[in-house]
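Worksheet for the structure shown next.
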Amino acid sequence: MASFASFNLSKDLVHALNKLGYLEPSPVQGKVIPKALSGKSLVCQSETGSGKTHAYLVPILDSIDMNLPRLQSIILCPSRELARQVYEFAFAFTKFFPRLKVRLFTSETEKTQNKEGLGIAPHIVIATPGRAKDILQNEYALDLHGVRSIVLDEADMLMDLGYFEDIDSLYEVLPETIQTMVFSATLNQGLKQQLEHYVDAKFLYEGEDFKTASTVAHHFVDIKHIGKSEALARFLEIRKPYLALVFASKKEDVNAAYAHLRSLGVEAVCFSGDLDTRERKKALRLIKSNKFPVVVCSDLLSRGIDIEDVTDVISLDLPSDLAYYYHRAGRTGRFGKSGDSWVFYNADDLQRAKTLLAQGVAFDYYTLKADAIVPTESSFLARRKIQFKHEVSEQEARDISIAKAHTKVDKVKPGYKAKRRKAVEKVHGKYRRKAIKEKVREQMGRAYAAKAKKKD
Ligand code: AMP
């Protein structure tokens, strides 16, 4: 493994890195820093947790002329939380470089610090794209001629959030020779096309796929027929995680799970889009204080935010965009530590579960029992059949109630439940077979009609 010194960085920067606890470059840093130092634009596929922030901060810091009071680098992040985190990483270097000026611009900072005016021009601006455009072009009309590099961090999310128009208009006023560094957890076709505007294809550099850290173990948990919130409470009681992030796609599920845990006296923090800026800041502070063992959150927290020591990630469902599963799981197993990602299996998620398996995520299987989380030998996904659904007709409903009445007994006798279930199942079976036959007939009819049409 190369050392930071082997990149020909300034001695002061290597010293600062070591003092900050960064002794050796991470794999992504090892690949990206030398490329970035050459001044070439690059695209790097890399997840938060891989050390990607310093993969661009280090070359930026190395190339900045701190004696020149001029803006030299812009870092764009999709959320204010992420922007603040990058700002804090960059600000840490001012201890070693007192002349270094770093500024953060988000909708949250504008009300306070930026009213004072800008004073000396910062060397590095970290911002959300909308604010960057306003601040750089309109409000402070900063001199942009000295800008040598721009970072698009979490570019796939910048695109999802529709920020590319703001970025486009920013490029119109930036020097043509600017170095662009793109970091993205996923690189799909749409994003690649979008990036061609900014990055010369010759220099398109795809880093390794850091989709899932090898230190994360993935598990499906069969929660049987227990509700998600209740299953979660039971799971936490048994597992007793050091710090668990619990994800749900719908905010109703986030709120319900949080309320249920609180009603049981579990110390938990809730983080979702429902919170206003002040509440979000407070929640994030509480989360980072490490005093709460459970955080229930929406996918807002699945991207970019660096929360140390997450031991368990629990997904109450699988997100419709499976990229978010990787983001969720990526909150643990960071920087070589081990972590567990648990998915509460729900029959509605069958297809998504299969897709994850097909993508090579090595899940194992557990069942949630009353007082234990028990390993299950083989995949319950394979055993579980997709239910054939058909409308219950009036006749069927009548037949079912007759079947139920027929097996009704006043006193509970041994075996009566099974007997009754069998009788009802028989009626169901009869109608299911009928419905399947009708469907097959209908499909064959259509096939014959199509054939006949071809012959004509
Ligand atoms: P990131 O992927 O940028 O969110 O970084 C994840 C975590 O790794 C942060 O807490 C960083 O402080 C830490 N980190 C980044 N680079 C290094 C390094 N070379 N050695 C140790 N820790 C690092």
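Out of Phe89, Phe105, report the one residue that is outside the structural domain of Phe271 (by TED's automatic domain parsing), surrounded by fewer than 23 Cβ atoms within 10 Å (Cβ to Cβ), touching a residue at least 24 places away in the same chain (Cβ under 8 Å) and out of contact with any Phe, Trp or Tyr (no Cβ under 7 Å at 6 or more places or on another chain).
Going through Phe89, Phe105 in turn, just one is outside the structural domain of Phe271 (by TED's automatic domain parsing), surrounded by fewer than 23 Cβ atoms within 10 Å (Cβ to Cβ), touching a residue at least 24 places away in the same chain (Cβ under 8 Å) and out of contact with any Phe, Trp or Tyr (no Cβ under 7 Å at 6 or more places or on another chain): Phe89.
In the stretch 27-83, what residues are assigned to a loop (DSSP other than H, G, I, E, B) and within 16 Å of the ligand (Cβ to nearest atom)?
Selection gives Ser46, Glu47, Thr48, Gly49, Ser50, Gly51, Cys77, Pro78, Ser79.
Which one of these is surrounded by 20 or more Cβ atoms within 10 Å (Cβ to Cβ) and outside the structural domain of Arg84 (by TED's automatic domain parsing): Val254, Val266?
Val254
Would a scan of the stretch 319-326 turn up a residue that is in contact with a helix residue (DSSP H, G or I) (Cβ under 9 Å, 6 or more places away or on another chain), without any contact (Cβ under 8 Å) to a residue 12 or more places away in the chain and not polar (S, T, N, Q)?
The answer is yes, given that some residue of the stretch 319-326 is in contact with a helix residue (DSSP H, G or I) (Cβ under 9 Å, 6 or more places away or on another chain), without any contact (Cβ under 8 Å) to a residue 12 or more places away in the chain and not polar (S, T, N, Q).
Within the stretch 11-27, can one find any residue that is of a type in the set (A, V, I, L, M, F, W, C), surrounded by 21 or more Cβ atoms within 10 Å (Cβ to Cβ), assigned by TED's automatic domain parsing to the domain that holds Phe164 and modelled with pLDDT under 95?
no
Given (1) under 21 Å from Gly130 (Cβ atoms); (2) modelled with pLDDT of 95 or more; (3) not small (Gly, Ala, Ser), where does Arg84 come up short, assuming only one miss?
The failed condition is (2).
Among the residues of the stretch 123-146, write down those that are buried (at least 21 other Cβ atoms within 10 Å of the Cβ), of a type in the set (Gly, Ala, Ser) and either modelled with pLDDT under 90 or over 23 Å from the mean Cα position of the chain (by Cα) (or both).
Matches in the stretch 123-146: Ala132 only.
If you go through the stretch 335-348 one residue at a time, do you hit one that is in contact (Cβ under 8 Å) with a residue 40 or more places away in the chain, touching a Gly at 6+ places or on another chain (Cβ under 8 Å) and within 16 Å of the ligand (Cβ to nearest atom)?
yes
Which residue is farthest from His219 (Cα to Cα), if the candidates are limited to the stretch 287-311 and must be touching a Gly at 6+ places or on another chain (Cβ under 7 Å) and more than 16 Å from the ligand (Cβ to nearest atom)?
Among those residues, the one meeting the criterion is Leu300.
Could you look through the stretch 146-165, keep only residues that are of a type in the set (Asp, Glu) and in contact with a Phe, Trp or Tyr (Cβ under 9 Å, 6 or more places away or on another chain), and pick out the one that is farthest from Asn67 (Cα to Cα)? Write out each step before concluding.
Of the residues in the stretch 146-165, the ones of a type in the set (Asp, Glu) are 153-154, 156, 160, 165.
Checking the rest, the ones that are also in contact with a Phe, Trp or Tyr (Cβ under 9 Å, 6 or more places away or on another chain) come to 153-154.
Details: Asp153: 27, Glu154: 30 Å.
Looking at the filtered set, the residue picked out is Glu154.
Conditions tested, residue by residue: (1) out of contact with any Phe, Trp or Tyr (no Cβ under 9 Å at 6 or more places or on another chain); (2) assigned by TED's automatic domain parsing to the domain that holds Arg80; (3) crowded, with 20+ Cβ neighbours inside 10 Å; (4) at pLDDT 85 or above.
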position	(1), (2), (3), (4)
Thr277	yes, no, no, no
Arg280	no, no, yes, no
Leu286	no, no, no, yes
Val296	no, no, yes, yes
Arg303	no, no, yes, no
Asp309	no, no, no, yes
Ser315	no, no, yes, yes
Leu318	no, no, yes, yes
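How about the stretch 255-339: which strands (runs of 3 or more DSSP E) wholly inside it have at least 1 residues that are acidic (Asp, Glu) and within 30 Å of Glu24 (Cβ to Cβ)? Let's see the steps before the verdict.
Details: elements: 268-271, 294-297, 312-315.
Filter on the stretch 255-339 gives 312-315.
Could you list, in sequence order, all residues of the stretch 6-26 that are more than 10 Å from the ligand (Cβ to nearest atom) and closer than 14 Å to Leu61 by Cα?
Phe7, Asn8, Leu9, Ser10, Lys11, Asp12, Leu13, Val14, His15, Ala16
The values are calculated or read from the model by the stated rules, or taken from the named source; none is laboratory data. Here the structure is a predicted model, which is why all the values come from computation and not from measurement. Ideal geometry is used to build each Cβ from the backbone, glycine not excepted, and the neighbour counts take in all protein chains shown.
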